[in-house]
1. Hey, among A193, A177, A152, which residue is surrounded by fewer than 18 Cβ atoms within 10 Å (Cβ to Cβ), under 26 Å from E123 (Cα atoms) and aliphatic (A, V, I, L, M)?
2. Which residue pairs have Cβ atoms under 9 Å apart, sit 6 or more places apart or on different chains, and have a first residue in the stretch 151-177 that is hydroxyl-bearing (S, T, Y) and a second that is outside any helix (DSSP H, G or I)?
3. How about the stretch 173-192: which of its residues are part of a helix (DSSP H, G or I), more than 20 Å from V13 (Cα to Cα) and not polar (S, T, N, Q)?
4. For the stretch 183-192, indicate whether the set of residues that are closer than 16 Å to D36 by Cβ, of a type outside the set (K, R), without any contact (Cβ under 8 Å) to a residue 60 or more places away in the chain and in contact with a strand residue (DSSP E or B) (Cβ under 8 Å, 6 or more places away or on another chain) is non-empty.
5. Would you point out which residue out of L30, L9, L77 is out of contact with any His (no Cβ under 7 Å at 6 or more places or on another chain) and farther than 17 Å from R182 by Cβ?
6. For the structure I just gave you, tell me whether E95 is within 18 Å of I128 (Cα to Cα), assigned to a helix (DSSP H, G or I) and modelled with pLDDT of 95 or more.
7. Those residues that are over 16 Å from Q191 (Cβ atoms) and touching a Gly at 6+ places or on another chain (Cβ under 8 Å), I need them from the stretch 11-59; list them, please.
8. Among the residues of the stretch 124-143 satisfying the criterion of being modelled with pLDDT of 95 or more and of a type outside the set (F, W, Y), which is nearest to the chain's Cα centre (by Cα)?
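The values are calculated or read from the model by the stated rules, or taken from the named source; none is laboratory data. All of these numbers come straight from a predicted model, not from anything done at the bench. We place every Cβ from the backbone using ideal geometry, glycine too, and count neighbours over all the protein chains shown.
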Amino acid sequence: MKTLSEARLYGIVDLGYIEASKAEFATEQLVAGGVDIIQLRAKGEPLHRVYELALSLHRITSLSGVPLIINDYPELLRDVPAEGAHVGQEDGSVENARHAAGRQVIIGKSTHSLAQAVSADAEGADYIGFGPLFATPTKPGRPPIGLENIAAVHNTVQIPIFCIGGIKHGNLSEVVAAGARRVVIVSAWLQAAAIAPAVRQTAALLSRR
């Protein structure tokens, strides 16, 4: 299993883009393409369904040593052998998430500004998501933060920073040029004609930088 510092490609199995029945297939394809981390994002699903999905996806990710992160529900980590949880700005502290998990796990936090990124680092987050860089249906109503602070956040925050929000192959070069080292991609992979080749294309573009 790669360490967080080695990880560059972060995929999200987001039920806002795919049906729950296709979550396992999407996970298999993301793993085949070479993602380093996968998150299950199941907004609006009942907790028991998130639990069932997390168990089924972890059976896939564990075979390849890819950490599975559960969005929003750190308490599920008491019963699901996933590797971590991800929380938003409105979801409480990193410390509370660790307590809810009940064991040593990865805790990531969403940040939307340099100040929030610094705060999440100070809280003890293992990594942060930084964005949304561009407008994205994944975060409706959340204004994009642009590319201006990517270099600054990397110079200020020591934990791994995964840039997120509307990143696609068409804008990846400018995101990397602005200082990004790690990216989260959602719709550009999940809605691709073939997921695994799309992930490999992203990896190839990043490796040239």
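1. Exactly one of A193, A177, A152 is surrounded by fewer than 18 Cβ atoms within 10 Å (Cβ to Cβ), under 26 Å from E123 (Cα atoms) and aliphatic (A, V, I, L, M), namely A152.
2. S173/R208; S173/R209
3. Restricting attention to the stretch 173-192, the residues satisfying the condition of being part of a helix (DSSP H, G or I) are 173-177, 187-190.
Checking which are more than 20 Å from V13 (Cα to Cα) leaves us with 173-177.
Within the stretch 173-192, E174, V175, V176, A177 meet the criteria.
4. No, the conditions are met nowhere in the stretch 183-192.
5. On the way: L30 fails: farther than 17 Å from R182 by Cβ; L9 fails: farther than 17 Å from R182 by Cβ.
The unique qualifying residue is L77.
6. So E95 passes the test.
7. Correct list: I37, I38, Q39, K43.
8. Restricting attention to the stretch 124-143, the residues satisfying the condition of being modelled with pLDDT of 95 or more are 124-134.
Filter once more, so that each one left must be of a type outside the set (F, W, Y): 124-126, 128-129, 131-133.
Numbers: G124: 17, A125: 13, D126: 12, I128: 9, G129: 7, G131: 11, P132: 12, L133: 14 Å.
Among them, the one singled out is G129.
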